[in-house]
1. Taking 4 °C and 1.567 mPa s as the conditions, I'd like the Stokes-Einstein D for segment 1-83 in µm²/s, using the Kirkwood hydrodynamic radius from alpha carbon pairs.
2. Compute, for the chain, the length of the dipole vector about the Cα centre, with Cβ point charges of +1 (Lys, Arg) and -1 (Asp, Glu) only. Units Debye, rounded to 20.
3. Positive end of the dipole of segment 10-140, charges at C-beta (+1 Lys, Arg; -1 Asp, Glu), about the Cα centre: which of Thr92, Met124, Ala36 has its Cα farthest in that direction?
4. Taking the 0 to 90 degree range and rounding to the nearest ten, how far is the long axis of helix 32-44 tilted relative to the main principal axis of the chain, both from C-alpha atoms?
5. Along Cα→Cβ, 7 Å out, is where each label goes; now give me the distance between the ones at His121 and Glu54 in nm to one decimal.
6. Using a 10 Å Cβ count of at most 11 others and DSSP loop calls, identify the longest part of the chain lacking such trypsin sites (Lys or Arg not before Pro).
7. Based on other C-beta atoms within 10 Å, arrange Trp102, Trp132 from fewest to most.
8. With a cut-off of at most 14 other beta carbons within 10 Å, and DSSP calling the residue loop, which GluC sites (Glu not before Pro) in segment 1-61 qualify? Please list them.
Amino acid sequence: MQTHELFHTVHQLSRELTKLVNETLQPFGLYSAQWAVLFVLKTKGNMPQSSLCEYLAVEAPPMTRTIQRLVKQGYVQQTPGEDKRIKLIQLTEKAEQAYPEWEKAVLLMNNRLLEKVPQKHQAMMQSLLAEWLGRLKGDKHE
């Protein structure tokens, strides 16, 4: 297999999944970039913007815009950390209350997309992709 084909397929899959998440979250006024931030904050807890950027592999300017949109929507707030120069990003009570509905919509979409993929193939994809991602992130820190 040519590597061009592999990477093109991965890129196309990523674009298609982003489009489907956008369509799924559109009724809530959210986009995939916002969902990614909300999901990470819900699952990992409060964190500085720099940590969000690193974890999600997003440059600082687009992350700043995403966080500003979420602040305007009342879903996240910025609070000073122990080091006053660092602001922690955290979910608001409004986001905590709405989160189960957003998650339900995304999980329904995920299940619909995977309904014809055997469980063993899902596990294999998860394992391969997680391993590849781990290696990519590990290479950056070596």
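Values quoted throughout were computed directly from the atomic coordinates according to the rules given, and no laboratory measurement underlies them. Values in this document were obtained by computation on a predicted structure and should not be read as measured data. Virtual Cβ from ideal backbone geometry, glycine too; neighbours counted across all protein chains shown.
1. Estimated diffusion coefficient is 90 µm²/s.
2. 240 debye
3. Farthest towards the positive pole: Ala36.
4. So the helix axis and the longest Cα principal axis differ by about 80 degrees.
5. Placing both labels 7 Å beyond Cα along the Cβ direction yields 3.7 nm.
6. 1-83
7. Trp132, Trp102
8. Glu59
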